[in-house]
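Here the structure comes first, spelled out in structure tokens, and everything after it is commentary.
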Amino acid sequence: MTKNRLILVAVFAAIFAHLFVFDMKQGSAIAKELKVATFMGAKHPVNRGVVPHLAKNLAKETGGSLTLKLYPGGQLGKGPKAQYKRVIENVAEITFGVHGYTPKLFPRSMIVAQPGVGNSSQEVTKKFWRVYNKYLTSEYTKVKVLAVFSNWPAVLITRKKPVSKVGDVKGLKIRAPSPSNIPQVNGWGAAAVFMPVSKIYNSLQTGVLDGVYISPGALYKPWRLSEPGEYVTAGMESPTSLTYLFMNKKVFDGLSSAHKAAINKYSGAAYSDFAANFWGTVDAGQLATAKNEQKGVKFIQLNGAAAAEFNTATAKSVDQFLAKREKAGIPAREIYNAARR
């Protein structure tokens, strides 16, 4: 090869390298697949609706260069309590989890999940995002928040004993929605415990539990608690379960600008509203099935006096919960009142 040709080759190589670097700085996206880990079965609303919605939008926005691959049912690790740890350690780039399984990580956010904040998934989710910027961001600095959304307020599912007044729960062993709701259930006179949702069916079936205080979406598919449960009681002020989709922060920061822009566009409050509506519609539908069709269960709607008894006991437990947070330096009552408005 002549000296002139060597010079030309070097020049073209330099030009190509410059253009490549320039192109990367402008955000041209190399194909990237992100793993999404959940602990529920494939038919759960999050797996069949919430995650696919995000995946579709990201693929469309990036021309197919950013895709999601779902790993449901704990395929990337058993135990729903470890979902936050899994995203921090990048076992999966994205995980779905429940705030109430690790409430010590979210002492401020758990205030929004208390009874009295809202009557639907959609309402509680909107109220969470309304107070997020002012009160809650300090709890999310280690992750990229894709969504935070609520399920439906809990109903009481019991195995053998119908519950039509607060005295009926005395001494019953009832699973609370989260550890932070144990004082509420104890305040009714029950013996509250907590366990992940994946363990509830067998515990209720075998009598380890007498009842479960949980979103009505657990009545039928995928959790099918109407099988070991016989009665459903509704009408009291109930907590909700806040849930999340988080992304590993370092992975997000390392994406191309085009991919980051796509994620920013399709995550946050609007995506959370979609998720709450999708899941909430399922929850409300299952509640309506239990109430109107009595499918597999006997439905009990508390009358006004009975609901007031439950709510009076619940209000005391909420006040104690807020007082405990106040002692820890959190403006708990301010957050709670702001969320309720």
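Structure notes:
- Residue within segment 142-159 that is among the charged types (D, E, K, R) and in the same structural domain as E326 (by TED's automatic domain parsing) present: yes
- Of all residues in segment 212-243 being hydrophobic (A, V, I, L, M, F, W, C) and either in contact with a Ser or Thr (Cβ under 6 Å, 6 or more places away or on another chain) or not in a strand (DSSP E or B) (or both), the one that is nearest to I300 (Cα to Cα): M236
- When residues of segment 319-341 are limited to those that are touching a helix residue (DSSP H, G or I) at 6+ places or on another chain (Cβ under 9 Å) and small (G, A, S), the one nearest to V185 (Cα to Cα): A323
- Selection over segment 102-121 of residues that are touching a residue at least 60 places away in the same chain (Cβ under 8 Å), surrounded by fewer than 22 Cβ atoms within 10 Å (Cβ to Cβ) and not in a loop (DSSP other than H, G, I, E, B) gives a count of 1.
- Contact map, segment 300-325: first residue closer than 13 Å to Y336 by Cβ and touching a residue at least 24 places away in the same chain (Cβ under 8 Å), second residue crowded, with 20+ Cβ neighbours inside 10 Å and β-branched (V, I, T), Cβ cut-off under 7 Å, separation 6 or more or different chains; pairs are R325/I111.
- G285 meets the conditions (1) touching a residue at least 12 places away in the same chain (Cβ under 8 Å); (2) over 25 Å from Q83 (Cβ atoms) in every case but one. The failed one is (1).
- Residue check, L209 closer than 16 Å to I174 by Cβ, at pLDDT 95 or above and either touching a Leu at 6+ places or on another chain (Cβ under 9 Å) or assigned to a helix (DSSP H, G or I) (or both): yes
- Single condition A270 does not satisfy, out of (1) assigned to a helix (DSSP H, G or I); (2) surrounded by 23 or more Cβ atoms within 10 Å (Cβ to Cβ); (3) among the aliphatic types (A, V, I, L, M): (2)
- Condition check for K221: in contact with a Pro (Cβ under 9 Å, 6 or more places away or on another chain) and of a type in the set (K, R): no
- Filtered residue count, segment 165-206, keeping only those that are out of contact with any Ser or Thr (no Cβ under 7 Å at 6 or more places or on another chain), modelled with pLDDT of 95 or more, small (G, A, S) and under 26 Å from S120 (Cβ atoms): 3
- Among the residues listed as A191, A176, the single one being crowded, with 22+ Cβ neighbours inside 10 Å and free of Cβ contacts under 8 Å to residues at least 40 places away in the same chain: A176
- G63 meets the conditions (1) at pLDDT 95 or above; (2) out of contact with any Asp or Glu (no Cβ under 9 Å at 6 or more places or on another chain); (3) closer than 18 Å to L245 by Cα in every case but one. The failed one is (3).
- Within segment 168-224, being touching a helix residue (DSSP H, G or I) at 6+ places or on another chain (Cβ under 6 Å), of a type in the set (A, V, I, L, M) and farther than 21 Å from E237 by Cα holds for one residue alone: L209.
- Among residues of segment 299-312, those that are part of a helix (DSSP H, G or I) and surrounded by fewer than 20 Cβ atoms within 10 Å (Cβ to Cβ), counted: 7
- Of all residues in segment 123-139 being touching a helix residue (DSSP H, G or I) at 6+ places or on another chain (Cβ under 7 Å) and either hydroxyl-bearing (S, T, Y) or not in a helix (DSSP H, G or I) (or both), the one that is surrounded by the most Cβ atoms within 10 Å (Cβ to Cβ): T125
- Residues that are modelled with pLDDT of 95 or more and either part of a helix (DSSP H, G or I) or aliphatic (A, V, I, L, M) (or both) within segment 23-39 comprise L34, V36, A37, listed in sequence order.
- Within segment 280-294, none of the residues are of a type in the set (V, I, T), more than 19 Å from the chain's Cα centre (by Cα) and either surrounded by fewer than 17 Cβ atoms within 10 Å (Cβ to Cβ) or not in a helix (DSSP H, G or I) (or both).
The values are calculated or read from the model by the stated rules, or taken from the named source; none is laboratory data. Computed from a predicted structure; not experimentally measured. So basically every Cβ, Gly included, is an ideal-geometry build from the backbone, and we count neighbours across all protein chains shown.
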